[in-house]
Amino acid sequence: MAKSLLIISRQAPWSGPSAREALDIALAGGAFDLPLGMLFMDDGVFQLAAAQQPASLQLKDLAANLQALPMFGVEKLFVCAHSVAERGLDPASLSLPVEVLDDAALAALIGRYDQVVTL
Amino acid sequence: MNALTVGEHHIALDKDGFLLDLQDWSPAVAEALAEREGIALSPEHWEVLEVLRGFYQEYQLSPATRPLIKYTALKLGVEKGNSPHLNRLFNGTPAKLAAKLAGLPKPTNCI
Amino acid sequence: MTTLHVISHSPFGDNRLASCLRLLGTDDAILLCGDAVYALRAGTAPQQLLQTARLQHRLFALAEDAQARAIDSTLAEAVDYPAFVELSLRFDKVNSWL
């Protein structure tokens, strides 16, 4: 049985490589059928904001790529309630079907996985 | 440099035979790329290439094998979206070869 | 399962430490290394945050990183590299806040 891995993505989408790296780990792991979860917290929740238009930045479209996670078998997607509220985002209008978790639930979530990495 | 001639057009390819400029793709280009691989494109091939182009349109990336199978099953049904069918059509390496013929970038998460 | 959270960024530059404290399980611990040891500076907001969290025997700092930065605090238990390794093994997993 492969070890389960939780990837915590906590950087904003368009300013540095962290958000892209977290997604690449998730897509690669999903392609190899690893039991994966992904948690968006802190500025990472901005990756899930609706109606982003990155074309003007001439970057690979991270927002579109994120939509592929369920196709790659990564369906356990979580978001930190505190981070979402703090940034004025509506949990109901995020761009992926995510489970919204409070702090206590986040601690329990991390406890359930064999391995955790935070990017 | 690796290149393909279709009619009067010279089309640049990378070392693995993928289009350097995705805008160069056309059905005629797909036919020419398939010929280099020893494949004559049938309607069964074409529907998968259309599915792949749809995948890229939606997600802006090329699928690995598992997502290709899943997405094809979603669009064409499980009798088309399965590993034996896709392997038979695309010489046993569907994610890589079908992406090439559909004019997509080389898949990165692929064995 | 227990987790050792390893933080190496300064708490004055970002919110890794604050976020980590929010999701810290009751049997989890934090190891501060690199610039993260600045969190132990007396009279600062991060140090207050750590004090309030009451992390007796669950807060560690890499001794040489603290010494290099003139941090001398009793709030965290000082560990050397062998003790760091021992800690990593004592917990079920290590979460590095990269």
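The values are calculated or read from the model by the stated rules, or taken from the named source; none is laboratory data. Since the structure is predicted, the reported quantities are computational estimates derived from the model, not experimental observations. Positions of Cβ are backbone-derived with ideal geometry, glycine not excepted, and every protein chain shown enters the neighbour counts. Calculation scope for accessible area: heavy atoms of the full protein, side chains included, ligands and nucleic acids excluded. Shrake-Rupley method; radii C 1.70, N 1.55, O 1.52, S 1.80 Å.
Determine whether segment A:44-61 contains at least one residue that is out of contact with any Lys or Arg (no Cβ under 9 Å at 6 or more places or on another chain) and within 9 Å of another protein chain (Cβ to nearest Cβ). Yes, segment A:44-61 has at least one match.
Summed over segment B:70-108, the residues that are in a helix (DSSP H, G or I) and more than 23 Å from B:E35 (Cα to Cα) give a count of 7. Close contacts from segment A:52-66, counting a first residue that is in a helix (DSSP H, G or I) and a second that is small (G, A, S), with Cβ to Cβ under 8 Å and a gap of 6+ residues or different chains, come to A:P54/A:A63; A:L62/A:A19; A:A63/A:S95; A:L66/A:S95.
The residues listed here are B:P43, B:P67; of these, the one that is without any contact (Cβ under 8 Å) to a residue 24 or more places away in the chain and surrounded by fewer than 19 Cβ atoms within 10 Å (Cβ to Cβ) is B:P43.
Is there a residue being within 11 Å of the chain's Cα centre (by Cα), over 23 Å from A:R112 (Cα atoms), part of a helix (DSSP H, G or I) and in contact (Cβ under 8 Å) with a residue 24 or more places away in the chain anywhere in segment C:71-84? No: zero hits. Set side by side, the residues C:R22, C:R54, C:R16 differ, and just one is in contact (Cβ under 8 Å) with a residue 12 or more places away in the chain and basic (K, R), which is C:R16. Looking across segment C:3-15, the residues that are in contact with a helix residue (DSSP H, G or I) (Cβ under 8 Å, 6 or more places away or on another chain) and open to solvent by 20 Å² or more (accessible area, probe 1.4 Å) come down to C:S8, C:H9, C:S10, C:P11, C:F12, C:G13, C:N15. On the stretch given as segment A:31-43, residues that are more than 10 Å from every other protein chain (Cβ to nearest Cβ) and touching a Cys at 6+ places or on another chain (Cβ under 6 Å) total 0. The single condition from (1) out of contact with any Pro (no Cβ under 7 Å at 6 or more places or on another chain); (2) at pLDDT below 90; (3) within 21 Å of A:G73 (Cα to Cα); (4) open to solvent by less than 50 Å² (accessible area, probe 1.4 Å) that B:P107 fails is (1). For A:A81, the test of being open to solvent by less than 40 Å² (accessible area, probe 1.4 Å) and of a type in the set (G, A, S) is passed.
Within segment A:98-114, one or more residues are buried (at least 17 other Cβ atoms within 10 Å of the Cβ), touching a residue at least 24 places away in the same chain (Cβ under 8 Å) and within 11 Å of the chain's Cα centre (by Cα). When A:V45, A:V84, A:V98 are screened for being in contact with a Leu (Cβ under 8 Å, 6 or more places away or on another chain) and closer than 27 Å to B:L74 by Cα, only A:V98 passes. What number of residues within segment A:25-51 satisfy the criterion of being open to solvent by 50 Å² or more (accessible area, probe 1.4 Å) and farther than 17 Å from C:W97 by Cα? Summing the residues that are open to solvent by 50 Å² or more (accessible area, probe 1.4 Å) and farther than 17 Å from C:W97 by Cα in segment A:25-51 gives 6.
When A:F72 is tested against (1) part of a helix (DSSP H, G or I); (2) within 8 Å of another protein chain (Cβ to nearest Cβ), exactly one condition is not met: (1).
Scanning segment C:16-43 for residues that are open to solvent by 50 Å² or more (accessible area, probe 1.4 Å) and either within 10 Å of chain A (Cβ to nearest Cβ) or not in a helix (DSSP H, G or I) (or both) yields a count of 6.
For segment A:1-24, indicate whether the set of residues that are open to solvent by 30 Å² or more (accessible area, probe 1.4 Å), in contact (Cβ under 8 Å) with a residue 24 or more places away in the chain and within 11 Å of chain B (Cβ to nearest Cβ) is non-empty. Within segment A:1-24 (the criterion being open to solvent by 30 Å² or more (accessible area, probe 1.4 Å), in contact (Cβ under 8 Å) with a residue 24 or more places away in the chain and within 11 Å of chain B (Cβ to nearest Cβ)), the answer is no, since none of the residues qualifies. In this structure, C:A61 does satisfy being assigned to a strand (DSSP E or B) and either away from chain A (no Cβ under 14 Å) or open to solvent by 20 Å² or more (accessible area, probe 1.4 Å) (or both).
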